[in-house]
Amino acid sequence: MSGDRWLPILKTYCPLKAGSIDGTDADPHDKAVIRALNSTYKPNNRLPGNPDRTLFVSRLSPNTNEDVLMKTFETFGEIKRLNLVRDIVTGFSKGYAFVEFVEEKSAYIANREANKIVIDQKEIFVDFEIQRTLPAWKPRRLGGGFGGKKESGQLRFGGKDRPFKKPFMVENVWRESRASRDEDSRQYRSRDSDRDHERYQSERRDRKQYRERSHSRDRYRHRNRSRSRDRHRDRKTYRKDD
């Protein structure tokens with residue numbers, strides 16, 4: 001990330017990084033990324049409520065209503081405001097809502113505990129409101145956002161739902177290569193050491209066998225000399241007797 005410390009979650013929104021699976025792309029992945037880079041977006045700071053105590057709840061079932069959401073989230077703390085976003089024409093739910101708690105602690109607990117729970121047979125996604133809290137935020141309609149569907153070809157990474165995957169750095173390749181070379185070198189030295197040890201043992205056995213053969217020859221020579229002296233002595237004694 002051009003000298004920045006790598007993180008799985010974006011702390012400042014960047015469409016170029018969000019369009020990359022590991023946050024390291026240098027070129028736009030799709031046309032929507034270019035649109036997001038060229039766009040200007042100002043968050044609506046006139047929205048009611050405190051963004052630090054407000055949760056974004058999405059992937060809701062069309063059948064989920066305000067009462068069901070209220071009953072689900074009030075178990076984490078007192079709720080100040082709940083807004084299930086609906087189509088202004090049809091009145092049908094758009095599948096997401098905003099829940100503001102009275103206390104910030106309750107919002108943090110619900111953010112941690114309510115994510116991926118099942119409501120009306122649908123697994124929901126819960127995160128803090130991003131529009132007013134994440135610097136340089138660009139919404140999905142401008143080519144930014146987080147998440148997305150694979151079939152769209154416009155996935156966005158760096159958020160809670162789809163964090164960056166750790167990049168495969170050249171430095172890691174170098175370290176693995178060096179580790180491999182060191183291991184090969186250790187194995188080579190180990191083989192050399194084994195060969196040296198075997199050679200030493202072989203030479204030691206050869207010297208021992210040579211000493212044993214030499215000792216055996218010395219005993220044989222000594223025994224022959226002793227026998228020769230005995231025969232010579234016997235002949236002298238025999239002559240004297242005569």
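The values are calculated or read from the model by the stated rules, or taken from the named source; none is laboratory data. For clarity, every value in this text was computed on a predicted model and none was experimentally measured. Every residue, glycine among them, receives a Cβ derived from its backbone with ideal geometry; neighbour counts consider all protein chains shown.
Observations on the structure shown:
- Region 93-127: number of residues that are in a strand (DSSP E or B), exposed (fewer than 15 other Cβ atoms within 10 Å of the Cβ) and acidic (Asp, Glu): 1
- Residue count for region 117-152, restricted to those that are modelled with pLDDT under 95 and under 25 Å from the mean Cα position of the chain (by Cα): 6
- For first residues located in region 135-152 and under 23 Å from Asn44 (Cα atoms) and hydrophobic (A, V, I, L, M, F, W, C), partners that are in a helix (DSSP H, G or I) and at pLDDT 90 or above and lie 6+ apart or on another chain with Cβ distances below 8 Å form the pairs Leu142/Arg35; Leu142/Ala36; Phe146/Ala18.
- Considering the conditions (1) in a loop (DSSP other than H, G, I, E, B); (2) under 30 Å from Pro167 (Cβ atoms), Leu37 is excluded by exactly one of them, (1).
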